[in-house]
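Undergrad: Take this structure, written in structure tokens, and hold onto it; I'll ask about it next.
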Amino acid sequence: MTLMGLSSVGIYFLEHLENPKINSLFDALYFAVTITTGVGLGDISPVTQGGRMLSMLMMLMGTAIYVSFTASLATVLLESELSERE
């Protein structure tokens with residue numbers, strides 16, 4: 001949530017003067033959520049170099065967060081299964 005919030009503020013300040021599709025912080029938040037979750041609908045895309053760089057960082061961070069979450073969940077489930085078998 002913090003990543004999405006900070007990223008949306010960053011995207012807003014990098015893009016709102018150049019990108020006609022980012023007119024508000026809500027538009028920037030919508031973009032940040034779609035990018036970090038991996039959905040990437042494509043209806044809003046960055047037009048500035050800074051916006052593109054931040055978008056790439058958001059994609060990498062979003063992927064890392066979801067992979068870490070999946071690994072943690074798998075660990076909990078496996079530990080639970082192992083303790084039941086003992």
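Undergrad: Report the paramagnetic label zone for Ala74: residues of segment 33-63 whose backbone N is under 17 Å from a point 7 Å from Cα along the Cα-to-Cβ axis.
TA: Within reach of a label on Ala74, which here means backbone N under 17 Å from a point 7 Å along Cα→Cβ, segment 33-63 contributes 63.
Undergrad: Right, something else. Let's test the formula: R0 of 25 Å, r as the Cβ-Cβ distance of Phe13 and Met61. What FRET efficiency results, to the nearest 0.05? Write down the numbers at each step before the final one.
TA: Numbers: r = 18 Å, r/R0 = 0.73.
The calculated FRET efficiency here is 0.85.
Undergrad: Packing-wise, with mean Cβ within 10 Å as the measure, how do 1-7, 50-56 rank, highest first?
TA: Numbers: 1-7: 13.9, 50-56: 16.9.
Going from most to least packed, we get 50-56, 1-7.
Undergrad: Return one whole number: the accessible area per residue of the chain in Å², for a 1.4 Å probe. Present the calculation step by step, with values, prior to reporting the outcome.
TA: Numbers: 6010 Å² over 86 residues.
Ligands and nucleic acids excluded, the result is 70 Å² per residue.
Undergrad: Would you look at the GNM of the chain, springs on alpha carbons closer than 10 Å, and say which of Leu73, Leu14, Leu60 moves the most?
TA: Result: Leu73 has the largest fluctuation of those listed.
Undergrad: Counting only helical runs of four or more DSSP H residues, what would the 222 nm mean residue ellipticity of the chain come to if each run contributes -39,500 (n - 2.57) and the total is spread over all its residues? Numbers along the way, then the final one.
TA: On the way: 3 runs with 63 residues, N = 86.
Estimated from H runs of four or more residues: -25500 deg cm²/dmol.
Undergrad: Still on this structure, please answer the following. With all protein chains present, how much of the accessible area of segment 6-81 (probe radius 1.4 Å) comes from carbon and sulfur, to the nearest whole percent? Mind dumping the intermediate values first?
TA: On the way: 3520 of 4930 Å².
After summing per-atom areas, the C and S share lands at 71 percent.
Undergrad: Among Ala64, Ala28, Ala74, which one moves the most in a GNM of the chain with springs linking Cα atoms closer than 10 Å?
TA: Of Ala64, Ala28, Ala74, the Gaussian network model singles out Ala74 as fluctuating most.
The values are calculated or read from the model by the stated rules, or taken from the named source; none is laboratory data. Note that this is a predicted model, so its numbers are computed, not measured. Glycine gets a Cβ as well: all are built from the backbone with ideal geometry, and neighbour counts include every protein chain shown. These accessible areas exclude ligands, DNA and RNA; they are computed on the full protein's heavy atoms, side chains included. Shrake-Rupley method; radii C 1.70, N 1.55, O 1.52, S 1.80 Å.
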